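Reviewing the structure listed below.
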Amino acid sequence: MFVGFLTAPLREWSLEKIVEWASKNGFGGLEVLVSPTIRQIDVDRVLAGGASDVRRLFYERGLKISGLAFYSTRILEDEKEQNFLLRVVEAASALDVGVVCTLAGGPVKGKDKMRTLKEDFPRVFGPIVDTAREHGVKLALENWYATNLQGLNHFQAAFESIPDKTLGLNFDPSHLFWQQIDYIEAVYKFGDRIYHTHAKDTEILPFRLRYVGVLGRDWWRYRIPGWGGINWRSYITALREVGYNYVLSIEHEDQFFSPEEGLINGRKFLESLL
């Protein structure tokens, strides 16, 4: 297992600057954010023959690309975004990257999450999963609560809709923690579908929770690993027990640390457990 990070907090930096900084500061890999407008890795350029330049950049700095990441809540309804995700899969294959991280989209208008997962999700993601399998790439869905993967019942519904094990999870315990969903049990239940994991913590503010209640706002917040309530020793142990031996990708959304300071502190904490 090794520590990496999602490049989103450094989106204004060039890929070369991020790779150099990550290498100097002891990271093992990068989950590189891609989109039609964020071009730290330009998908079109990779598909036009530029993959070797990107591979060389990472190889020379001793880093892996743990995954290409395209996160969109509208993917079930936007054909352009679906087509872009297909190109991301092809680019990952060209870069010898085995995982593409994405989202299961949000509920389609007029439907709840379960109905969306049973009707719209397989219609849209079925062909994308087929393409990913043909290219030797895994699709890893982040379980962000605002998408169709909120609770473990939604995980189960998604995998029943598309049983192909090309489809799995970019497992993020932070979203389960504040919902009081057992993130450790979830690892054991869905361990064979965890292809990538976000390392992000969550802090509960009891004084605020007692005031506004669970339906209120601002009684929890995301933190760097080690600064919240997640039991990282138990989480890493559970990952090891189910056979996961890949990246702990820090997703930095902690308002109290700069991008660089937060990432370095998160790496030091996680590596102390590895």
Checklist entry - Taking only pairs six or more apart or across chains, which ones have beta-carbon atoms under 6 Å, a first residue in the stretch 166-188 that is free of Cβ contacts under 8 Å to residues at least 40 places away in the same chain, and a second residue that is part of a helix (DSSP H, G or I) and of a type in the set (D, E, K, R)? => result Thr166/Arg133; Gly168/Arg193; Leu169/Arg193
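What residue, of Glu185, Glu203, is assigned to a strand (DSSP E or B) and more than 16 Å from the chain's Cα centre (by Cα)?
Glu203
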Checklist outcome for this item: Log entry, pairs with first residue in the stretch 13-29 being under 20 Å from Leu248 (Cα atoms) and in contact (Cβ under 8 Å) with a residue 40 or more places away in the chain, second being assigned to a loop (DSSP other than H, G, I, E, B) and basic (Lys, Arg), beta carbons closer than 7 Å, six or more apart or on different chains, reads Val19/Arg61; Glu20/Arg61; Ser23/Arg61
Next on the checklist: If I filter the stretch 159-174 for residues that are small (Gly, Ala, Ser), closer than 29 Å to Ile224 by Cα and surrounded by fewer than 19 Cβ atoms within 10 Å (Cβ to Cβ), do I get at least one hit?
Outcome noted: no
Item to check | Of residues in the stretch 148-172 being aliphatic (A, V, I, L, M) and not in a loop (DSSP other than H, G, I, E, B), the one farthest from the chain's Cα centre (by Cα) | outcome: Ala157
Next on the checklist: Can you say whether Tyr244 is within 21 Å of Gly4 (Cβ to Cβ), aromatic (Phe, Trp, Tyr) and assigned to a strand (DSSP E or B), as far as the supplied structure shows?
Outcome noted: no
Checklist entry - How many residues are within 19 Å of Arg267 (Cα to Cα), surrounded by fewer than 17 Cβ atoms within 10 Å (Cβ to Cβ) and of a type in the set (Ser, Thr, Tyr) if we restrict to the stretch 2-54? => result 1
Next on the checklist: Being out of contact with any helix residue (DSSP H, G or I) (no Cβ under 7 Å at 6 or more places or on another chain), of a type in the set (Gly, Ala, Ser) and surrounded by fewer than 21 Cβ atoms within 10 Å (Cβ to Cβ): is that true of Gly62 here?
Outcome noted: no
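Each value in this text was obtained by applying a stated rule to the coordinates, not by laboratory testing. Given the structure is predicted, the values throughout are model-derived calculations rather than measurements. Don't worry about glycine lacking a Cβ; one is built from the backbone with ideal geometry, like all the others, and counts go over all protein chains shown.
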